[in-house]
Amino acid sequence: MHADLTPGDPFKLVAYFDEDLPAKFAEVTVTDADGNVVLTGKTDEHGTWMFPRPKPGHYVLTVSEADGHVAKRRFIVGEAEDAVAPAAWRPNKWL
């Protein structure tokens, strides 16, 4: 499973499998650098989840499905509106 993140307000997550099939109704959790849960939700039937821009800091976005597939994406939200960057992330379907 993969998780692509588009910055903005709101942020847009698209979760999908190698075959470009959407990760439908997958659980999503966003945690801060201290491991505190900031946001939770579920993807829709297209594997998409929108969420409000978090305050500046380091975050981990985790997408998981009941069958055991998990994808994690680290990201940084900076002070500037468009300052969002991946934090040492590389695609890997099994994390």
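One table, with the values for the structure above:
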{"read-out": "Residue tally, condition open to solvent by 20 Å² or more (accessible area, probe 1.4 Å) and either under 20 Å from Gly35 (Cα atoms) or not in a strand (DSSP E or B) (or both), over segment 45-56", "value": "6"}
{"read-out": "Checking Gly8 against (1) open to solvent by 40 Å² or more (accessible area, probe 1.4 Å); (2) at pLDDT below 90, the condition it does not meet", "value": "(1)"}
{"read-out": "Pairs where the first residue, in segment 25-36, is free of Cβ contacts under 8 Å to residues at least 60 places away in the same chain and the second is among the basic types (Lys, Arg) and open to solvent by 50 Å² or more (accessible area, probe 1.4 Å), C-beta under 8 Å, 6+ apart", "value": "Phe25/Lys42; Ala26/Lys42; Glu27/Lys42; Val28/Lys42"}
{"read-out": "Output for segment 51-75, where each listed residue is under 9 Å from the mean Cα position of the chain (by Cα) and closer than 15 Å to Phe17 by Cα", "value": "Thr62, Val63, Ala71, Lys72, Arg73"}
{"read-out": "Qualifying positions in segment 70-88 - open to solvent by 80 Å² or more (accessible area, probe 1.4 Å), at negative phi and modelled with pLDDT under 90", "value": "Glu79, Glu81, Asp82"}
{"read-out": "Pick from segment 25-44, criterion closer than 15 Å to Val77 by Cα and hydrophobic (A, V, I, L, M, F, W, C), ranking: least open to solvent (accessible area, probe 1.4 Å)", "value": "Val30"}
{"read-out": "Members of segment 57-69 that are on the phi > 0 side of the Ramachandran plot and surrounded by 13 or more Cβ atoms within 10 Å (Cβ to Cβ)", "value": "Gly57"}
{"read-out": "Segment 14-24: number of residues that are free of Cβ contacts under 8 Å to residues at least 60 places away in the same chain and either surrounded by 15 or more Cβ atoms within 10 Å (Cβ to Cβ) or basic (Lys, Arg) (or both)", "value": "6"}
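The values are calculated or read from the model by the stated rules, or taken from the named source; none is laboratory data. What you see is a predicted model, and the numbers here were worked out from it, not measured in a lab. Quick reminder, even Gly has a Cβ in these numbers, built from the backbone with ideal geometry, and neighbours come from all protein chains shown. Quick note on the areas: whole protein, heavy atoms, side chains included, nothing else; ligands and nucleic acids left out. Shrake-Rupley method; radii C 1.70, N 1.55, O 1.52, S 1.80 Å.
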